[in-house]
Amino acid sequence: MSTNIAKFNELLARIAIALESRNQPTVSRGFFDYGLKVYCNAVKGNGDGWYSLHDGIAITQKPVFRGELVSIGFPTVERRGQAVRKFHLVMRADEIVTFESGHDCFFSKTILAAFAMTSPELLAQPIQLATYLKTLNTGDKTLAVSLRDHNGIQIQSDWQNTDDWQAISTAAICNVNEALATRQ
């Protein structure tokens, strides 16, 4: 009888995956024809989120990207003559793409919280990012991201601004590093 229950549970899990991913767009690797550095900013991205710069002009990117994780980090970069701390999510599709955003913005926190709670085994597989504009309680709009694993199942973790972001960032970096070690 427990064998039947196990088979039934396995069937339910497969049905749940099918229902969850049924309405998701099929995305091949990468952005196809886009640049190597993509910026994440709702205001500067012509209102659509991700953008790249070509001769100083912001070019809006497609809102969905699929690829493998390469690294995450918090480099200090120069912007408008000042040193600024940023969040970099580096992924590989047909080429290496760096997603840059503020180190403490909604986009970065959503990715960090999700990666901190996701197993390295899942992070070792390709993942999909899809951006959208979210209206905050203040009425402001921000760039948000929906993450999906290689099966199309949403990866998420709820978070608050008051959470321990140093601990969350450390856990996310550890999970990504462990995922990369299992791929090599």
Self-check item: Qualifying positions in the stretch 133-148 - of a type in the set (D, E, K, R) and modelled with pLDDT of 85 or more
Solution: 148
Quiz prompt | Single condition residue 76 does not satisfy, out of (1) within 24 Å of residue 164 (Cα to Cα); (2) in contact with a strand residue (DSSP E or B) (Cβ under 8 Å, 6 or more places away or on another chain); (3) touching a residue at least 24 places away in the same chain (Cβ under 8 Å) | solution = (3)
Self-check item: residue 138 vs. criteria of a type outside the set (Asp, Glu), surrounded by fewer than 14 Cβ atoms within 10 Å (Cβ to Cβ) and assigned to a helix (DSSP H, G or I)
Solution: no
Quiz item: Going by the conditions given, is residue 162 in a loop (DSSP other than H, G, I, E, B), hydroxyl-bearing (Ser, Thr, Tyr) and at pLDDT below 90?
Solution: no
Quiz prompt | Residues located in the stretch 135-163, provided they are among the basic types (Lys, Arg) and farther than 17 Å from residue 113 by Cα | solution = 141
Quiz prompt | Residue among 113, 130 that is at pLDDT below 85, crowded, with 16+ Cβ neighbours inside 10 Å and either assigned to a helix (DSSP H, G or I) or not β-branched (Val, Ile, Thr) (or both) | solution = 130
Quiz item: Would it be correct to say that residue 123 is closer than 16 Å to residue 153 by Cα, touching a helix residue (DSSP H, G or I) at 6+ places or on another chain (Cβ under 8 Å) and among the aliphatic types (A, V, I, L, M)?
Solution: yes
Quiz prompt | Options 157, 169, 108; residue that is among the small types (Gly, Ala, Ser), farther than 20 Å from residue 86 by Cα and either crowded, with 17+ Cβ neighbours inside 10 Å or over 15 Å from the mean Cα position of the chain (by Cα) (or both) | solution = 157
Self-check item: Those residues of the stretch 79-110 which are without any contact (Cβ under 8 Å) to a residue 40 or more places away in the chain, over 25 Å from residue 161 (Cα atoms) and assigned to a loop (DSSP other than H, G, I, E, B), in sequence order
Solution: 80, 81
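The values are calculated or read from the model by the stated rules, or taken from the named source; none is laboratory data. What you see is a predicted model, and the numbers here were worked out from it, not measured in a lab. Using ideal geometry, Cβ is built from the backbone for each residue, glycine included, and neighbour counts are taken over all protein chains shown.
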